[in-house]
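Written out below as structure tokens is the structure these notes cover.
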Amino acid sequence: MTQSWRSATAVRILLVGALVSTAGVGAYSFSSQSEGSSKQSQSRPSSDSKASAASFTTADSGSCLTWKDDQGKITNFEQADCAGEHRFEVSSREDLRAYPASEFGSEAPMPDLTRQAQLREELCLNPTIQYMKGTFDQMGKYSVASILPPQDAWSKGDRTLLCGVQATDDKGTLIPTSGRAAEQDQSRIFRPEECVLVDAASATRVVDCAADHQMEITAIVDLQPVFPEGTPSLEQQDTHLRQVCTQAAQDYLGGDDPLYFSTLQPFWTTLPENSWAGGSRSVNCALVFGQDRKFATLAGGARTGFTINGQPPASRPVRAPIVNPEALIGPHPEPARP
């Protein structure tokens, strides 16, 4: 099979769509020990009889928070230095007592998950984008989330809502981060040696390499040093990554011959203009097998033995030494689709 090269367009169709479907948004209420505070929310108080209830936290815009999560039981909820490890960065502080109507009055139950998601859209999205000052890739590793008081504080009248950003993995599990979000590389990427399944909905998730998957990651590439002057076009990224990811594939498998006989092809992701503007700078190199403009199903690690659609890789003829390897990296055909 003639070696083919994955184009920037193919990757955008596959992974940008996948990230849209998997980028999570969270809403939390902590039914556990709170940080404890006597500071009142800065929003307009209501005339509710519980309006003087103390807030469960003093955290405000710019604060970072962390906690321990023991199988869903949240403890040690506290503010943390944003330069160090934390789980949540506060973009705004809202008071639901200022919300129109009496939806969040003194006897109102805590909003369910559906209503929390609506509140996140209504109250958190725009303040978070403003807080990030334009440096926010909504398809990157950070997502907008909200935190409500623990149940006991809510019952006493606390209606504080914290808006902010958090990082999650492909399973939606919170990932501790260090440093302010607007100053980080926001790319949602996979680590080398991870195998990635692309499901029927084009969502991606890491799986054991022994299980069915479509990609095996070979490298992470930081594009910032390559394009320091500004946003690179997809064609510029494609040109650079074609060589970098081919080399990454060879290094990963132990040379050009192992890559040739594996029948696998180098593959890479790219960053659209809005992701670059939003603070993402890194992409992935991977190994795939493209067939009929689709990704084949791989099972097993590329370095330890694998099958392609349930069959071992096809035998390839022994070839003469390559005098000009760069000549292999030429124009690529129509992109494979998932």
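Within the stretch 70-94, take every residue that is more than 25 Å from A182 (Cα to Cα) and touching a residue at least 24 places away in the same chain (Cβ under 8 Å) and give me the one that is surrounded by the most Cβ atoms within 10 Å (Cβ to Cβ).
In this case the residue turns out to be I74.
Specify the residue that is nearest to T58 (Cα to Cα); the eligible residues are those in the stretch 72-123 that are of a type in the set (S, T, N, Q) and part of a loop (DSSP other than H, G, I, E, B).
Step by step, filter the stretch 72-123, then rank; the result is S106.
The conditions are (1) surrounded by 11 or more Cβ atoms within 10 Å (Cβ to Cβ); (2) in the same structural domain as A211 (by TED's automatic domain parsing); (3) at pLDDT below 95, and A336 fails exactly one of them. Which is it?
Unmet condition: (2).
Of the numbered conditions (1) buried (at least 19 other Cβ atoms within 10 Å of the Cβ); (2) within 21 Å of the chain's Cα centre (by Cα); (3) more than 19 Å from G172 (Cα to Cα), Q186 satisfies every one except a single condition; which is it?
(3)
Would you confirm whether or not the stretch 137-154 contains a residue that is of a type in the set (V, I, T), out of contact with any Asp or Glu (no Cβ under 8 Å at 6 or more places or on another chain), in the same structural domain as K73 (by TED's automatic domain parsing) and within 20 Å of P111 (Cα to Cα)?
yes
Hey, among D251, D292, D238, which residue is over 23 Å from Q184 (Cβ atoms), at pLDDT below 95 and of a type in the set (D, E)?
Exactly one of D251, D292, D238 is over 23 Å from Q184 (Cβ atoms), at pLDDT below 95 and of a type in the set (D, E), namely D292.
Mind checking whether some residue in the stretch 149-158 is of a type in the set (S, T, N, Q), in a helix (DSSP H, G or I) and buried (at least 17 other Cβ atoms within 10 Å of the Cβ)?
The answer is no, given that none of the residues of the stretch 149-158 is of a type in the set (S, T, N, Q), in a helix (DSSP H, G or I) and buried (at least 17 other Cβ atoms within 10 Å of the Cβ).
Just a yes or no: is a residue in the stretch 136-148 touching a Ser or Thr at 6+ places or on another chain (Cβ under 8 Å), over 26 Å from Q71 (Cα atoms), of a type in the set (A, V, I, L, M) and surrounded by fewer than 19 Cβ atoms within 10 Å (Cβ to Cβ)?
No - not one qualifying residue is present in the stretch 136-148.
Suppose the filter is modelled with pLDDT of 95 or more, within 30 Å of L125 (Cβ to Cβ) and under 19 Å from the mean Cα position of the chain (by Cα); does L174 pass it?
Taking the combined requirement at face value, the residue does not satisfy it.
So in the stretch 127-169, with the set limited to residues that are among the β-branched types (V, I, T) and farther than 15 Å from V90 by Cβ, which one is farthest from the chain's Cα centre (by Cα)?
Filtering the stretch 127-169 for residues that are among the β-branched types (V, I, T) and farther than 15 Å from V90 by Cβ, the one farthest from the chain's Cα centre (by Cα) comes out as T135.
Do you know which residues across the stretch 220-249 are buried (at least 22 other Cβ atoms within 10 Å of the Cβ) and either among the small types (G, A, S) or assigned to a helix (DSSP H, G or I) (or both)?
Q237, L241, C245, T246, A248, A249
Taking the condition acidic (D, E) and either in contact (Cβ under 8 Å) with a residue 60 or more places away in the chain or touching a Pro at 6+ places or on another chain (Cβ under 8 Å) (or both), does D256 pass?
Yes.
For the subset of the stretch 250-303 comprising residues that are part of a helix (DSSP H, G or I) and hydroxyl-bearing (S, T, Y), which member is nearest to the chain's Cα centre (by Cα)?
Taking the candidates together, the pick is S275.
With the requirement that a residue be of a type in the set (A, V, I, L, M) and crowded, with 21+ Cβ neighbours inside 10 Å, what does the stretch 95-118 give you?
L96 - this is the single residue of the stretch 95-118 that is of a type in the set (A, V, I, L, M) and crowded, with 21+ Cβ neighbours inside 10 Å.
The values are calculated or read from the model by the stated rules, or taken from the named source; none is laboratory data. Keep in mind the model is a prediction, meaning the values are calculated, not measured. Counting neighbours? That spans all protein chains shown, and the Cβs are built from the backbone with ideal geometry, glycine included.
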